[in-house]
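Notes to accompany the following structure.
The values are calculated or read from the model by the stated rules, or taken from the named source; none is laboratory data. Keep in mind the model is a prediction, meaning the values are calculated, not measured. Positions of Cβ are backbone-derived with ideal geometry, glycine not excepted, and every protein chain shown enters the neighbour counts.
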Amino acid sequence: MTTGATSGWRRQIPTVVLVLIIAALAVWAIATGAGAASGVTPMDVVKATILVGVGFLAGLLGGLIGTGGCSVMLPIIHFWMGYPAAIAVGTTLFAVIFTALSGAYGHLVQRNVDVRVFLWLGGSGIVGVLIGSWLFTLLSGQAQLLGLSLGLIFLWPAIRMIYEGVFQRARSPREGAAATGSGWGMGVFGLIVGIATGVAGLGGGYALVPGMIYLFGMPVYITMGTSLATMIPLAVVGGGIKLAQGFVDLPTGLLIAAGTIIGAQVGAAIIKRFKPATLKLIFGLYFLYVAVKFITAFFGIQIW
């Protein structure tokens, strides 16, 4: 075995250990019923396998385009697996903790993290999450209104990514060699993203990625890694609050987390094999579909 291969394997040891710990906790939670939320069907082998697969797909997306993968997890477990909207929001935000940890570690190894930007966005984002989590408690009992809010929030990443996916094929994105702009500007931006994270349960990457590129001129690949790193404090605070409030189904969250950890590592490792514009167009169309599904459901129209 070559030295490079040995070094690469050693870098994955923390990931392997974390996956084993999460898997053990998931088995314990399922066996004891610890942290099971009301309104969620009992866990079985088929459901558990699907959840790990959903987590892997979400983690892969997170590693590739710098998001937490909530835009994949949330609609699947809400619309197709029957989780109540409030539980789906809390559970996916809890799982994003592990997506962000894994993906950020993978990007850190690749030197794709801007520490200065991370500190500004992460610090102010925590304050925003606290505000957003308080607003979430006001909406949690109103499932239809919560769904409408999620749909409207999903519209932004959908339109932004479709636009970038189409027009960035013909020209390069407006990015620089390093982040520009004041720390206070980043702080305000982080606060807004944090509030949206607390309300919608999304990790924040849907706003962080285009914001860092277009507001602060960051390179695409550095943006992906910094976005995931920023989501760590946002998801830890937001997911922890929702867990304490009873809006997290712990067995589900842990199973998804195990999948996201692996998927995020794969995504971070293969990101430079894909054109960012292609990824943005594909997932932008998906986000648009999810947004329309949430919004039409508010008006009593169900689309597949």
Among the residues in region 41-51, are any surrounded by 20 or more Cβ atoms within 10 Å (Cβ to Cβ) and at pLDDT 85 or above?
yes
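To keep it simple, each residue is scored yes or no on (1) modelled with pLDDT of 70 or more; (2) among the polar types (S, T, N, Q).
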{"site": "Ser140", "(1), (2)": "no, yes"}
{"site": "Leu145", "(1), (2)": "yes, no"}
{"site": "Leu150", "(1), (2)": "yes, no"}
{"site": "Trp156", "(1), (2)": "yes, no"}
{"site": "Glu164", "(1), (2)": "yes, no"}
{"site": "Ser172", "(1), (2)": "no, yes"}
{"site": "Gly176", "(1), (2)": "no, no"}
{"site": "Ser182", "(1), (2)": "yes, yes"}
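Looking at the structure I just gave you, is Ala277 in contact (Cβ under 8 Å) with a residue 40 or more places away in the chain and in contact with a Lys or Arg (Cβ under 9 Å, 6 or more places away or on another chain)? Working first, answer last.
On the way: in contact (Cβ under 8 Å) with a residue 40 or more places away in the chain: yes; in contact with a Lys or Arg (Cβ under 9 Å, 6 or more places away or on another chain): yes.
Criteria met by Ala277.
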When you look at Ile282, is it β-branched (Val, Ile, Thr), under 16 Å from Leu228 (Cα atoms) and modelled with pLDDT under 80, yes or no?
no
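Does Tyr206 qualify as being modelled with pLDDT of 70 or more and among the hydroxyl-bearing types (Ser, Thr, Tyr)? Steps first, answer last, please.
Working: modelled with pLDDT of 70 or more: no; among the hydroxyl-bearing types (Ser, Thr, Tyr): yes.
Judged against the criteria, Tyr206 is not a match.
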